[in-house]
Amino acid sequence: MKSESKRTQRDYSLAFKLAVVDQVEKGEMTYKQAQSRYGIQGRSTVLVWLRKHGQLDWSLGWTPLHPQGAAMTSSSSLTPEQHIKELEQQLTEMEKKAEFFEAVVEVLKRDYGVTIVKKPRGKSFRRKK
């Protein structure tokens, strides 16, 4: 007869959770790297912490700025060619977003008669205290 080992569940302090979340959001490591580095059980434990305690949107499991889920690399560790390639990718993504928003504005204008006007530079609609 096999002896079954009982599954253990660890409780982590709030300070530890916040420290892990902070490291992941700063880009020092991915959430999967944090799991393996600190021996955190469960495949989604760190992701749950990120959703609960994090400042970024972790609803899909990765930060919108880094779709591959990779940790941010510091600009000093990138070669100029890599940095240029990264900037070109960001530019392409921003151009696609701009094109999408222009299409949305056009549909609103054409189908719903809604005119969207850009806010003049330097003017704020917030009330001054």
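We did not get these values from a lab; they are worked out from the coordinates using the rules stated. Quick caveat, the model's predicted, so the values are computed rather than measured. Note that each Cβ is placed from the backbone with ideal geometry, even for glycine, and that neighbours are counted across all protein chains shown.
Descriptive notes on the structure:
- Sequence-distant aspartates and glutamates (8 or more away, or on other chains) whose Cα lies within less than 20 Å of Lys109: Glu99
- If R0 is 22 Å, the Cβ-Cβ spacing of Leu56 and Lys97 corresponds to a FRET efficiency of close to 0.80.
- Share of alpha-carbon pairs per 10 Å distance bin for region 75-122, given as whole %: 23, 27, 24, 18, 8, 0
- Among the listed pairs Lys52/Lys118; Lys17/Lys96; Lys96/Lys119; Lys26/Lys85, a Cα-Cα separation exceeding 26 Å is found for Lys52/Lys118; Lys17/Lys96.
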